[in-house]
Amino acid sequence: MHGTLYEACGDRLVRVVDRNGVCHADLVWSGSNTDRLVRLTVDGAVVDGAVIDHPLLGATHAAGDTAMTAVDWARPTEIPAIAEPGRLPLGAGAAILNTLALLARRAGVAALRYAGPYPTAALWRTLARSFRCSADEAAFTAGALDRAVRVARDPIPIDFAPDPHERVAIAGGFVELRDRLERVVLGGISYEPGGSPARLISTPHRAGARSTTADHGDAPGGCPARPEGPAGVGSAPGGEVGAAPGGAARPLPAEPGGPGSGHHHCEVWFGDACYARVATLSAGGRVVDGPHPVPPCPSPVLGRGFPAALRDALAELVAEAVPAPLAADARALCAASELCWADLGARAAGELSGGFAVHAALWDRIAPLGLARLALALAEALAPVVAAAVAQRAAAAGSAPRYARTSPQESR
């Protein structure tokens with residue numbers, strides 16, 4: 001649909017190459033047994049098809065610096081568990097799962113099930129990019145902590161129908177397309193419809209309108225003008241690198257879609273307003289403006305820490321925002337960890353050494369609207385970060401953790 005080439009040898013997929021000649025998946029199959037995968041190479045990682053024994057997961061494949069449960073690559077019916085997803089480069093796990101969806105669809109597999117110990121919200125969102133599912137996130141993550149503690153390997157009775165996306169390289173990252181542009185990754189930040197704070201905003205096509213990279217103020221979508229600075233600082237060439245597999249430049253294919261398809265803007269939002277517009281893309285995923293750096297945050301609260309009483313109050317709100325099985329440990333971890341204001345660019349919150357941080361723009365934009373609303377916004381920002389930290393710690397410890405207060409100096 002979007003110009004991706006799927007190269008095959010016999011009935012086996014061997015390469016996935018986007019419309020710019022960039023290879024996103026390279027598969028090597030055994031010469032003596034074409035049902036056996038020898039090696040899969042995706043952006044950022046290599047999966048070894050040989051089956052090895054893992055102390056927790058049993059039969060696995062080496063995947064980059066971690067391991068994943070073994071699957072039947074010729075006809076996959078199971079979604080693998082990745083032992084330590086955090087050890088894979090950004091996007092590598094999603095690329096592996098998207099390749100799995102491609103192989104399942106080619107083999108006529110109607111649905112796959114996850115049979116691993118880590119049914120997290122993060123995994124659910126990743127699967128949604130390559131599969132369709134009639135269940136919801138709450139059902140998928142219902143037993144997350146229990147499964148992590150007992151290293152569960154029984155399938156969760158939720159069907160995932162393969163519906164892989166097309167990944168296309170652009171300057172500074174890549175886009176993911178199915179029947180429309182669904183996701184943009186620039187500088188390691190993911191922009192998706194409804195995302196927070198990084199989101200993908202669509203604007204309708206206007207007859208006779210033309211794009212311009214000179215328009216940085218009063219842009220469509222209501223994003224304010226970007227603060228002035230040295231011309232060109234942090235900017236990258238707009239558009240894509242059109243190169244054939246041999247390295248020679250080649251013309252870009254025609255833009256999918258037509259009038260009415262509109263543009264998509266990668267923006268960072270805090271509160272009810274746009275904080276920065278990073279890039280604008282066409283409906284077919286081509287960059288027409290940017291990418292631009294997120295402007296620095298000059299907030300007066302930068303670097304300030306939160307007192308213990310306020311951390312305790314936020315911990316209660318975070319516990320209500322995470323999946324129920326993680327609530328107790330999220331509350332304990334959040335209350336025990338240091339928390340400070342920081343400039344996190346396009347991220348609302350993050351985990352630092354010894355604790356967590358929240359973007360100072362949340363104070364600047366939301367505190368004037370009331371402290372109750374600010375507290376809810378902070379909890380919303382912290383919830384996915386704390387939930388991920390709880391799940392990682394539970395998996396590493398093999399038991400449900402409980403936390404005592406620590407300072408950054410005491411933490412390792």
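The values are calculated or read from the model by the stated rules, or taken from the named source; none is laboratory data. If you're wondering where the values come from, they're calculated on a predicted model, not measured in any experiment. Virtual Cβ from ideal backbone geometry, glycine too; neighbours counted across all protein chains shown.
Note on region 109-123: among residues that are under 18 Å from P384 (Cβ atoms) and small (G, A, S), the one that is surrounded by the fewest Cβ atoms within 10 Å (Cβ to Cβ) is A122. Once region 156-179 is narrowed to residues that are assigned to a loop (DSSP other than H, G, I, E, B) and at pLDDT 95 or above, the residue that is surrounded by the fewest Cβ atoms within 10 Å (Cβ to Cβ) is P157.
For every residue, the table says whether it meets (1) at pLDDT 95 or above; (2) over 19 Å from R373 (Cα atoms).
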{"residue": "A254", "(1), (2)": "no, yes"}
{"residue": "G258", "(1), (2)": "no, yes"}
{"residue": "G285", "(1), (2)": "yes, yes"}
{"residue": "V301", "(1), (2)": "yes, no"}
{"residue": "L344", "(1), (2)": "yes, yes"}
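Going by the conditions given, is E267 of a type in the set (D, E), assigned to a strand (DSSP E or B) and either under 19 Å from R19 (Cβ atoms) or at pLDDT 50 or above (or both)?
Values: of a type in the set (D, E): yes; assigned to a strand (DSSP E or B): yes; either under 19 Å from R19 (Cβ atoms) or at pLDDT 50 or above (or both): yes.
Answer is yes for this residue.
Please specify each residue of region 23-49 satisfying the condition of being in a loop (DSSP other than H, G, I, E, B) and under 24 Å from the mean Cα position of the chain (by Cα).
From region 23-49, those in a loop (DSSP other than H, G, I, E, B) are 30-36, 43-44, 49; that's our starting set.
Correct list: D43, G44.
Residues in region 124-150 that are basic (K, R) and buried (at least 22 other Cβ atoms within 10 Å of the Cβ): R147 alone.
What do you reckon, is V358 under 21 Å from the mean Cα position of the chain (by Cα), crowded, with 19+ Cβ neighbours inside 10 Å, at pLDDT 95 or above and under 30 Å from H263 (Cα atoms)? Give the derivation first.
Values: under 21 Å from the mean Cα position of the chain (by Cα): yes; crowded, with 19+ Cβ neighbours inside 10 Å: yes; at pLDDT 95 or above: yes; under 30 Å from H263 (Cα atoms): no.
Considered against the rule, which asks whether it is under 21 Å from the mean Cα position of the chain (by Cα), crowded, with 19+ Cβ neighbours inside 10 Å, at pLDDT 95 or above and under 30 Å from H263 (Cα atoms), V358 comes out as no.
Filtered by the rule that a residue be at pLDDT below 80, outside any loop (DSSP other than H, G, I, E, B) and surrounded by 16 or more Cβ atoms within 10 Å (Cβ to Cβ), region 385-412 gives A391, Q392, A394, A395. Scanning region 158-172 for residues that are more than 22 Å from G285 (Cα to Cα) and of a type in the set (D, E, K, R) gives a single hit, D159.
Quick one: which of V42, V47, V51 is closer than 17 Å to T126 by Cα and modelled with pLDDT of 95 or more? Selected residue: V42, the only one of V42, V47, V51 that is closer than 17 Å to T126 by Cα and modelled with pLDDT of 95 or more. Within region 119-126, does at least one residue satisfy the condition of being β-branched (V, I, T), in a helix (DSSP H, G or I), touching a helix residue (DSSP H, G or I) at 6+ places or on another chain (Cβ under 9 Å) and within 27 Å of A8 (Cβ to Cβ)? Yes, region 119-126 contains at least one residue that is β-branched (V, I, T), in a helix (DSSP H, G or I), touching a helix residue (DSSP H, G or I) at 6+ places or on another chain (Cβ under 9 Å) and within 27 Å of A8 (Cβ to Cβ). Against the test of being touching a Pro at 6+ places or on another chain (Cβ under 7 Å), within 24 Å of P155 (Cβ to Cβ), of a type in the set (S, T, N, Q) and touching a residue at least 60 places away in the same chain (Cβ under 8 Å), the options T69, T99 yield a single qualifying residue, T69. Considering the conditions (1) touching a Gly at 6+ places or on another chain (Cβ under 7 Å); (2) without any contact (Cβ under 8 Å) to a residue 24 or more places away in the chain; (3) closer than 30 Å to D146 by Cβ, V46 is excluded by exactly one of them, (3). Does V301 fit the bill of being in a loop (DSSP other than H, G, I, E, B) and either farther than 29 Å from H265 by Cα or in contact (Cβ under 8 Å) with a residue 60 or more places away in the chain (or both)? Yes.
If you go through region 68-118 one residue at a time, how many are among the basic types (K, R) and in a loop (DSSP other than H, G, I, E, B)? Give the steps one after another, and end with the answer.
We begin by selecting, within region 68-118, every residue among the basic types (K, R); these are 75, 87, 105-106, 113.
Subset that is in a loop (DSSP other than H, G, I, E, B): 75.
Result for region 68-118: 1.
Test of understanding: among T99, T120, which residue is among the hydroxyl-bearing types (S, T, Y), at pLDDT below 95 and assigned by TED's automatic domain parsing to the domain that holds L145? Write out each step before concluding.
Details: T99 fails: at pLDDT below 95.
Answer to the selection: T120.
Residues in region 326-384 that are in a helix (DSSP H, G or I), among the basic types (K, R) and in contact (Cβ under 8 Å) with a residue 12 or more places away in the chain: R331, R365.
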